[in-house]
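Novice: Below you'll find the structure I mean.
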Amino acid sequence: MTDRLIVIVGPTASGKTALALEVAPARGAEVLSADSRQVYRGMDVGTAKPTAADRARVRHHLLDLVEPNERYDVARYRADADRALADLSGRGVRPLLVGGTGLYVRAVVDGLALADLPHDRALRESLEEEATRVAPEALHARLAAADPEAAARVHPRNARRVVRYLEVTLLAGPISALWRTRPSRPAYIVGLLPPREELDRRVDARVVAMVEAGVLAETRCLLQRYGALSSTALTAHGYPHWIAHLEGHLSLEEAVRLTQRDTRAYARRQLTWFRRDPRVRWVEPGADREVLYRDLVAAT
């Protein structure tokens, strides 16, 4: 019988990494990261990436995959995760999937359906306007250039479907790669859910700790090395504000405040995503920790 995939999810600053570092050694497991920001090399402090000491204690996968000036999307993540899982299986090592990027978790556990894929209203409206202005066939040609397999599945004059396929392809990579479905993996999913006030305090404290740990120096080095970060790398909360501070557009206090605000809002969006999944067993990180630890270690 194949073990279920053990998954630890939750909002940023909820304690996922700390719990994983306790559970993984006891399970003989290695950690697979499901964090869309921690795939970038050199973005360590600002993404709260597991430290060198953490990674010496427990082997981690799916970190530091690409340079910060590269785009990275869920299609690439799914392929990288499948390779990592195959490697662990070949070595007889259990995986422990840990992260707060709901789309990445869904890609590993279930694969992806069209409804799960990202939306961008502004992009969609722009594509719809273009389809009206120059005809759907022009957008179909763009789709064919980016993803021939997807283009072959939709009639060139089906404007609504062409727009959606192109929207997803521009946001998340070739949509055809996400159609190569497989059965959902059996999974035991635990969600960490601190009380809201405590989560807000944790987020605020984490941002202050990032400043103390050198996030400004890290950001300066990234700019000096790469000139500019990719649009996907810039979704990492804080970096746009740290850059604005370094360029003289924001005070440090304002950069901290805005990063705290944005990160709190992101944590709420993460919770909204994960709460839609009835399989998630929600726990308070500080409550029944020993029971939770034993359950995760013993889960099969």
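Bear in mind that the values in this text are calculations on the coordinates, not laboratory data. Here the structure is a predicted model, which is why all the values come from computation and not from measurement.
Novice: Using all C-alpha to C-alpha distances in segment 115-176, build P(r) with 10 Å bins and read off the rounded percent in each one.
Specialist: Per 10 Å bin, starting at zero, the Cα-Cα P(r) for segment 115-176 comes out as 26, 60, 14 percent.
Novice: When only C-alpha pairs under 8 Å and at least 6 residues apart count, what is the relative contact order of segment 9-61, in percent?
Specialist: 40
Novice: Cα gyration tensor of segment 167-300, axes a ≥ b ≥ c as square roots of the eigenvalues: rounded (a/c below 1.5), prolate (a/b > b/c) or oblate?
Specialist: It is oblate, given that a/c is not under 1.5 and a/b is not larger than b/c.
Novice: Sequence-distant or interchain residues sharing an amide H contact under 5 Å with Trp282, placed H: which?
Specialist: Here Gly191 satisfy the definition.
Novice: Would you grab the residues whose amide H sits under 5 Å from the one on His61? Only those 5+ places off in sequence or on another chain, please, with H modelled 1.01 Å from N.
Specialist: Val31, Leu32, Ser33
Novice: Work out from phi, with θ = phi - 60° and the Karplus expression 6.51 cos²θ - 1.76 cosθ + 1.60, the ³J(HN,Hα) of each residue of segment 228-237, listed in order in whole Hz, and give x for Gly and Pro.
Specialist: My calculation for segment 228-237 gives 8, 8, 5, 4, 6, 5, 6, 6, 5, 4 Hz in order.
Novice: Quick one: which residues, 5+ away or cross-chain, put their amide H under 5 Å from the amide H of Arg94? H built at 1.01 Å from N.
Specialist: Glu30
Novice: If you plug each phi of segment 241-255 into the Karplus form 6.51 cos²θ - 1.76 cosθ + 1.60 with θ = phi - 60°, what whole-Hz ³J(HN,Hα) values come out, in order, with x for Gly and Pro?
Specialist: Using θ = phi - 60°, the values come out as 6, 5, 4, 4, 5, 5, 8, x, 8, 9, 6, 4, 4, 6, 4 Hz.
Novice: For the chain, what class follows from the C-alpha gyration tensor (a ≥ b ≥ c being the square roots of its eigenvalues): rounded when a/c is under 1.5, otherwise prolate if a/b is larger than b/c, else oblate?
Specialist: Judged from the Cα gyration tensor, the chain comes out oblate (a/c at least 1.5, b/c at or above a/b).
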